[in-house]
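Everything on this sheet refers to the single structure shown next.
Here, each number is a calculation from the coordinates, and none is a lab measurement. Because the structure is a prediction, the values reported are computed rather than measured. Neighbour counts run over all protein chains shown; Cβ positions are idealised from the backbone, glycine included.
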Amino acid sequence: MPLLGYSTGATRTAVFLFESIAQLAYVYPSRQLELRPLRNRVLNVIVVLSILLQPALVYFPVTRRLLALEPIGIEAWGTLLGGVAVSWLFADFYCRRVRRAAL
């Protein structure tokens, strides 16, 4: 992101958010490594709420100061969410392939 003109603080914030959201997204591929998982609505609600709360960490002054984050623009959010989507798709594809190979 520094190559795209973002400051060190904005890059640090984007990496923190990427790691947080990606870990939440990886729940789904990791659950299907061995067998097709049953539906889990509670898990779905927790993951969605946790992802929706991520912007609050950046835009509420208390959490921003506590975690040493900086506000980032919509372009940075787009880059960040695009990166999460690509990595999640790869993980999902890989886990499905491993499961098929094991059958």
Test E34 against the stated conditions and say whether it is exposed (fewer than 13 other Cβ atoms within 10 Å of the Cβ) and within 17 Å of the chain's Cα centre (by Cα). no
Looking at region 1-19, which of its residues are surrounded by fewer than 16 Cβ atoms within 10 Å (Cβ to Cβ) and either more than 8 Å from the chain's Cα centre (by Cα) or in contact (Cβ under 8 Å) with a residue 12 or more places away in the chain (or both)? P2, L3, L4, G5, S7, T8, G9, V15
Give the residues of region 37-57 that are more than 16 Å from F18 (Cβ to Cβ), of a type in the set (A, V, I, L, M, F, W, C) and surrounded by 13 or more Cβ atoms within 10 Å (Cβ to Cβ), sorted by residue number. L43, I46
